[in-house]
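Following: one structure in structure tokens, then a few remarks.
The values are calculated or read from the model by the stated rules, or taken from the named source; none is laboratory data. Nothing here was measured: the structure is a model prediction, and the numbers come from that model. FYI the Cβ positions are ideal-geometry reconstructions off the backbone, even for glycines, and counts take in every protein chain you see. The protein model used for the area step is the full one, side chains on, heavy atoms only, and it has no ligands, DNA or RNA in it. Shrake-Rupley method; radii C 1.70, N 1.55, O 1.52, S 1.80 Å.
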2 protein chains.
Amino acid sequence: MKGLEIGGHSGKGPANRGAAVVDFFLRVIGIIATLGSAIAMGTTNETLPFFTQFIRFRAKYNDLPTFTFFVVANSVVAAYLVLSLGLSIFHIMKSRAQGSRIALIFFDAGMLALLTAGASAAAAIVYLAHKGNTRANWFAICQQFNSFCERISGSLIGSFGGILIFVLLILLSAVTLARR
Amino acid sequence: MKGLEIGGHSGKGPANRGAAVVDFFLRVIGIIATLGSAIAMGTTNETLPFFTQFIRFRAKYNDLPTFTFFVVANSVVAAYLVLSLGLSIFHIMKSRAQGSRIALIFFDAGMLALLTAGASAAAAIVYLAHKGNTRANWFAICQQFNSFCERISGSLIGSFGGILIFVLLILLSAVTLARR
């Protein structure tokens, strides 16, 4: 970064444009990750081939409200990222824009919080589904619902990848703001 | 903000100093909030006055690993905030510092993610303790452990207050970086 600054005032435009292009691609990856998570979780559904005193053993993501929140949070973040692509393209064209970058850092931080909330709440429940808790008499439902559990565990990956991308996006915006 | 910028280059120092002072006090409030949450959760312990086929009904925060993570996350964030007070004082004295502000935004974003993860994972379990889940056969333990449940619910407040403070801190740093 120091090396890029040697060019002085005139050299900062192209470097900022480069940062804006990286910003754009990070957002595209973020859309894929969060949308993938939302779809993977939202389509989770397992019906066991046997039934006993209950009518039928069936596990769906919305049996647990936390997973519904997970799907909503990931969808909201994906929608936000799609909208923010417009601002990102604007930053590629106008590399000296300032107010819009501040707004972007602020909203990115808010979305980081929302995505982390959804992902870690779901992770807490997934952990419980795998391990159960003997003190609270909560049983590990993964012993019955294998494919359900694999699916809900896997769908967390995209969400946590999205968290990483948001931290990088905030860092990138801060560096760009400071280098103006 | 626009009004503050009218003073031009010479007027930005004092305004940045004011922002650094606000930054300092937000961090102090954040320390109180997260430390309060950690202590409130870490001292939660309830023993019921009766006992049946189990030896004794006793609920402690570390019966549930998620609550242990909550205490650790809040303690780590509180410790980080104490350390960051040094940088905040440095920014009050040297209002033109730049690299340290970028570092602060980056670490603030990371800590925002950690605090949100701890708070929302705990919230997911607290919700389960209150409502239970009939599909997974998880019972609402709050019917027995009243004071335990009130305590773990209350200790979430400080943590969510801390999340709000971090979003404000990131916004404040971004504005200060842009106004240099």
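Can you tell me how many residues within region A:102-140 are free of Cβ contacts under 8 Å to residues at least 60 places away in the same chain and either within 7 Å of another protein chain (Cβ to nearest Cβ) or not small (Gly, Ala, Ser) (or both)?
Within region A:102-140, residues that are free of Cβ contacts under 8 Å to residues at least 60 places away in the same chain and either within 7 Å of another protein chain (Cβ to nearest Cβ) or not small (Gly, Ala, Ser) (or both) number 25.
For region A:86-116, which residues satisfy the criterion of being open to solvent by 20 Å² or more (accessible area, probe 1.4 Å) and in contact with a Ser or Thr (Cβ under 7 Å, 6 or more places away or on another chain)?
Answer for region A:86-116, where residues must be open to solvent by 20 Å² or more (accessible area, probe 1.4 Å) and in contact with a Ser or Thr (Cβ under 7 Å, 6 or more places away or on another chain): A:Leu87, A:Phe90.
Looking at A:Val72, A:Val21, can you tell me which residue is outside any loop (DSSP other than H, G, I, E, B), surrounded by fewer than 20 Cβ atoms within 10 Å (Cβ to Cβ) and modelled with pLDDT of 95 or more?
Answer to the selection: A:Val72.
Residues are listed down the side, and each one gets a yes or a no for (1) open to solvent by 20 Å² or more (accessible area, probe 1.4 Å); (2) touching a residue at least 40 places away in the same chain (Cβ under 8 Å); (3) part of a helix (DSSP H, G or I):
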residue	(1), (2), (3)
A:Cys142	no, no, yes
A:Ser147	yes, yes, yes
A:Ile152	no, yes, yes
A:Ile157	yes, yes, yes
A:Leu164	yes, no, yes
A:Leu168	yes, yes, yes
A:Ala178	no, no, yes
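Scan (1) modelled with pLDDT under 90; (2) part of a helix (DSSP H, G or I); (3) under 24 Å from B:Leu128 (Cα atoms) for the single condition A:Ser10 breaks and write down its number.
Failed condition: (3).
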